[in-house]
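Some notes on the structure that comes next.
Derivation of every value follows stated rules applied to the coordinates shown; laboratory data play no part. Small disclaimer: the values here were computed from a predicted structure and weren't measured. For neighbour counting, all protein chains shown are included, and Cβ atoms are generated from backbone atoms with ideal geometry for every residue, glycine included.
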Ligand SMILES: Cc1cc2nc3c(=O)[nH]c(=O)nc-3n(C[C@H](O)[C@H](O)[C@H](O)COP(=O)(O)O)c2cc1C
């Protein structure tokens with residue numbers, strides 16, 4: 001007799017008392033019990049929530065906020081929601097691999113870590129921990145110029161040659177000397193590719209940060225000190241390791257050096273930077289060379305004409321020019337401008353595997369994540385970074401399998417549709433079908 005027949009009589013009457021489980025333990029058999037809610041987050045949003053609790057308010061305002069109205073920061077997310085993916089049934093095999101090539105290197109998934117400065121504020125292992133997390137997941141990280149672990153420390157502490165992001169600083173004796181020194185240091189210790197960030201001629205107006213004491217210089221009040229002290233683990237690590245200053249510019253750790261770094265970084269930004277400087281950097285860097293912070297197809301064309309190997313479509317996660325376009329909206333035209341000449345990376349608002357799939361459909365070679373890996377780092381150091389990357393891997397794999405796509409190479413604009421209504425992609429502003437060949 002089937003279990004169903006045993007518990008529901010033919011006339012629908014409740015089963016006799018004797019057939020019900022007799023003890024609570026029998027009724028609850030098979031379930032797992034914990035005293036608290038599940039400790040391990042299962043999504044980037046879950047890591048974000050945990051990171052928010054792990055970090056003092058001042059630090060959270062630095063990590064998770066943007067400039068002025070924050071429209072651009074939010075817009076990066078909203079742009080992903082304007083698309084849906086097509087789904088084809090019964091025809092495909094799950095993808096065998098998510099491997100792809102970026103900057104001449106194989107990575108196990110099309111997700112890299114974006115450069116983020118002062119990452120030691122979120123977890124003392126900072127950029128070194130992030131690079132370890134990336135390595136464990138089989139991908140690469142891009143080290144920021146304003147990192148809390150130096151170019152040399154990260155090179156010595158990792159297995160892989162990672163990638164270096166250059167803020168094109170002016171040096172004491174001329175516009176280019178500061179950049180030349182950083183490029184030589186990175187080259188000497190084996191960074192394989194250079195990413196020159198061009199969207200910070202001046203620091204963006206991050207009002208949220210400034211109102212919470214993270215201006216230049218940072219300002220502590222009794223309430224902020226109390227809030228930091230409540231985050232006991234964070235405070236202990238801050239006092240013990242003092243990984244909070246920009247170590248490529250200063251040798252010292254600690255608060256005084258952190259304040260000095262913030263002031264120096266602001267002073268070194270270079271509003272006079274122009275395309276001749278980019279050409280000069282291209283000539284001096286022997287390996288793959290990328291321009292990060294491109295939103296307009298003409299700028300992409302110009303970068304490629306100067307010999308770049310690719311561009312990063314980025315608005316700095318909405319931390320620089322408020323009201324700049326969402327990166328996903330800017331992507332199709334930039335991808336068309338670059339064509340087969342090079343690679344197009346995208347960052348800004350990527351929080352789900354399906355976001356990665358949408359970016360790849362619109363012409364990206366791969367994406368970079370900024371805040372998501374910082375959430376992982378803040379929660380669990382290098383292991384947290386790896387866990388976030390594994391969430392992306394699982395989500396990409398599952399999304400492609402549900403869509404019926406066998407390989408990343410098969411993705412294209414034909415796999416996308418507008419989020420609402422019966423229309424086609426052509427109904428969306430400046431979409432892939434306007435600009436992508438085929
Ligand atoms: C806390 C923080 C620090 C950042 N520092 C840098 C930096 O030093 N250099 C740089 O080129 N971009 C920097 N960025 C921008 C990231 O490289 C990337 O463009 C952005 O984070 C992508 O958006 P997402 O955070 O929504 O993924 C920073 C972003 C954040 C959140």
Cα axis of helix 371-403 to longest principal axis of the chain: angle in degrees, 0 to 90, nearest 10? 60 degrees
Write down, largest first, the equivalent ellipsoid semi-axes of the range 47-432 in whole Å, where each equals the square root of 5 times an eigenvalue of the alpha-carbon gyration tensor. 32, 24, 20
Label-point separation (nm) for residue 266 and residue 229, each offset 7 Å from Cα along Cα-to-Cβ? 2.8 nm
Footprinting exposure proxy for 261, 147 (fewest neighbouring C-beta atoms within 10 Å first): 261, 147
Neighbour-count ranking [beta-carbon atoms within 10 angstrom, fewest first] of 233, 176: 233, 176
Does the range 223-274 come out rounded, prolate or oblate by the C-alpha gyration tensor, with a ≥ b ≥ c the root eigenvalues, rounded set by a/c under 1.5 and, if not, prolate when a/b is larger than b/c and oblate if not? prolate
Relative packing of peptides 268-278, 304-314, 27-37, 386-396 - highest average C-beta neighbours within 10 Å first: 304-314, 386-396, 268-278, 27-37
Between helix 254-268 and the chain: long-axis angle, C-alpha atoms, 0 to 90°, nearest 10: 60 degrees
If you take all C-alpha pairs in the range 181-310, what percent of them are over 21 Å apart? 57 percent
Could you grab the relative contact order for the chain? Cα pairs under 8 Å, six or more apart, rounded to a whole percent. 24 percent
Can you give the extra length, in nm with one decimal, that the chain gains between residue 38 and residue 219 once fully stretched, where that is 0.36 nm per residue apart less the Cα-Cα distance? 61.5 nm
Shape call, the range 57-123: gyration tensor on alpha carbons, a/c limit 1.5: oblate
